[in-house]
1. How about segment A:63-83: which of its residues are crowded, with 18+ Cβ neighbours inside 10 Å and free of Cβ contacts under 8 Å to residues at least 40 places away in the same chain?
2. Given the criterion within 14 Å of another protein chain (Cβ to nearest Cβ), surrounded by fewer than 24 Cβ atoms within 10 Å (Cβ to Cβ) and touching a Pro at 6+ places or on another chain (Cβ under 9 Å), identify the matching residue among B:Asp142, B:Asp135, B:Asp161.
3. If we keep just the residues of segment B:23-68 that are at pLDDT 95 or above and among the β-branched types (Val, Ile, Thr), which is nearest to the ligand (Cβ to nearest atom)?
4. Being among the aliphatic types (A, V, I, L, M) and either more than 12 Å from chain A (Cβ to nearest Cβ) or touching a residue at least 60 places away in the same chain (Cβ under 8 Å) (or both) is the filter here, so list the residues in segment B:145-158 that pass it.
5. Looking only at helices (runs of 4 or more DSSP H) that fall completely inside segment B:41-135, which ones have 1 or more residues that are under 18 Å from B:Leu208 (Cβ atoms) and touching a strand residue (DSSP E or B) at 6+ places or on another chain (Cβ under 8 Å)?
6. What residue, of A:Leu9, A:Leu43, A:Leu16, is under 12 Å from the mean Cα position of the chain (by Cα) and either surrounded by fewer than 16 Cβ atoms within 10 Å (Cβ to Cβ) or over 17 Å from A:His77 (Cβ atoms) (or both)?
7. What number of residues in segment A:19-36 are within 14 Å of chain B (Cβ to nearest Cβ) and either exposed (fewer than 13 other Cβ atoms within 10 Å of the Cβ) or in contact with a Lys or Arg (Cβ under 8 Å, 6 or more places away or on another chain) (or both)?
Amino acid sequence: MSTDYSDILSRLCFHLKQFSSPDVVIVPETDLINELAIDSVKLLNLVMEIEDEFDISVPLNALADVQTVHDLANLIHHIKSAK
Amino acid sequence: MSLLDKLDAVAAARKALLPEGLDVFGMPIEEVYSATEARVGDRRILFLGTNNYLGLTFAPECLQAAHEALDREGTGTTGSRMANGSYSGHRALEREFADFYQCHSGIVFTTGYQANLAMISGLAGAGDVVLIDGDSHASIYDGCRLSGAEIIRFRHNDVADMEKRLRRLGERSQSTLIVAEGIYSMLGDQAPLAEIVRIKNAYNSILLLDEAHSLGVLGKTGQGLVEETGLIDGVDFITGTFSKSLGSIGGYCVSNHPQLDQLRYISRPYIFTASPSPATIASTRAALKLLRDGTELRRQLWQNSRQLYARLDALGYQLGPQPGPVIANILDSPQQALMLWKGLLDHGIYVNLILPPAAPEGKALVRCSVSAAHTSEQMDYVGNVFAELRESIFQ
Ligand SMILES: Cc1ncc(COP(=O)(O)O)c(C=O)c1O
């Protein structure tokens, strides 16, 4: 499985599409909370889906610094590369 | 945003959701008549949202024990368990809990919330992992945060999901604390304990089970899910609270691991708070005896629970998956939940309202808690009111 950042980003965006209305364009700078309306509970559930999608463990503690789609993709990339 | 502006935003969000002039959170109780009835404003209400599962808050044995301790030892200990706050009653209650579970030792905490904080943060730390059920109580989440360990959630009561996450941890599963609840506070369902124990053994993890809502409710002598399933030896640490079936306030942990005792020296929520008052300890000791011998109370509690669950189910309300004293009505929107809650209150019935983000999966809950002290007639009355409200809620 590729651990390439751009591949992770595109898979993540595909995933986030399910959380947002069809007319929202998701780019790396998109803010998860303010633009995609992913509240704290949705974010917790999203983490479980990401863990399954990328077969990794994402500790909730690591979310403190995550605000944008890029931050999240970066975190996933970081965890995957460390494996 | 300034610190105070943030609170103004909280107020605005609440105002948008809740009707003016209705104290949904923090209903002022003026007078308490019994374990099941009280006065709110000028009206008599039926409590159907307390956690008084065995109805022991007015048990004469508990009242008398509390009165005597109050006169003998004063209103408070004014000190930590670690300093001047370990009276003979505190130590006796610890022995009685250990004896009740036939465990090596027990520790008493000031609340159940602190018991979870103390145990989770005392067991796990930076570099360790806590693996928790997604529907865990706030005290479990907060204990995890306090611990500094990595927090991983699994899907509620889904053991395959739990195992998948343990597997991903590789060797780290050996420094993983798994946390589950005997009966879940949100939906009232029970943990699949046999499977959880099997998996935690296979991965050499440690298991903590919070029996907050199952103490006094499940098992022949009321130990909780560990007794109901005969799996006490598979659970490393059991926590629980005095604030539900024991009718007072406080928390406990019991274990067969002799290391439990070391928590007294490192666990901040144990050390940096005053110990429970003598009267609290005394009434809890009396209540624990009643709970242990409470076969008849449990029979009554389960009869009431099954009666109400079956009635609401037949009426078409969407309920939690398993009958029990916590009966959660799952509503699609906060507005619907609020309407049901208000309708019940207008008929003199007090239940708990749980709105997002506190409710799981973004739903809203109207949660009933049944007591052994309720009568079958009261359950009938509640059922009738739910029947009457159904039309307007689901129109
Ligand atoms: C599952 C669970 N654990 C712990 C607690 C905390 O108990 P206490 O009221 O003693 O702080 C509660 C109470 O709400 C609970 O529901």
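1. Correct list: A:Leu63, A:Val66, A:Leu75, A:Ile79.
2. On the way: B:Asp142 fails: touching a Pro at 6+ places or on another chain (Cβ under 9 Å); B:Asp161 fails: touching a Pro at 6+ places or on another chain (Cβ under 9 Å).
Residue meeting the stated conditions: B:Asp135.
3. The residue in question is B:Thr57.
4. Filtering segment B:145-158 down to residues among the aliphatic types (A, V, I, L, M) leaves B:146, B:149, B:151-152.
Listed by number, the list holds a single entry, B:Leu146.
5. On the way: elements: B:60-73, B:88-100, B:112-123.
Fully inside segment B:41-135 and qualifying: B:88-100, B:112-123.
6. Working: A:Leu9 fails: either surrounded by fewer than 16 Cβ atoms within 10 Å (Cβ to Cβ) or over 17 Å from A:His77 (Cβ atoms) (or both); A:Leu16 fails: either surrounded by fewer than 16 Cβ atoms within 10 Å (Cβ to Cβ) or over 17 Å from A:His77 (Cβ atoms) (or both).
Step by step, each of A:Leu9, A:Leu43, A:Leu16 is checked, and only A:Leu43 is under 12 Å from the mean Cα position of the chain (by Cα) and either surrounded by fewer than 16 Cβ atoms within 10 Å (Cβ to Cβ) or over 17 Å from A:His77 (Cβ atoms) (or both).
7. Our first condition is that a residue be within 14 Å of chain B (Cβ to nearest Cβ); within segment A:19-36, this holds for A:19, A:33-34.
Next cut, either exposed (fewer than 13 other Cβ atoms within 10 Å of the Cβ) or in contact with a Lys or Arg (Cβ under 8 Å, 6 or more places away or on another chain) (or both) only: A:19, A:34.
So the count comes out to 2.
Condition check ((1) within 14 Å of the ligand (Cβ to nearest atom); (2) crowded, with 24+ Cβ neighbours inside 10 Å) across all residues:
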| residue | (1), (2) |
| --- | --- |
| B:Leu215 | yes, yes |
| B:Val235 | no, yes |
| B:Leu263 | no, no |
| B:Thr273 | yes, no |
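The values are calculated or read from the model by the stated rules, or taken from the named source; none is laboratory data. All of these numbers come straight from a predicted model, not from anything done at the bench. With ideal geometry, Cβ positions are generated from the backbone for all residues, glycine too; neighbour counts draw on all protein chains shown.
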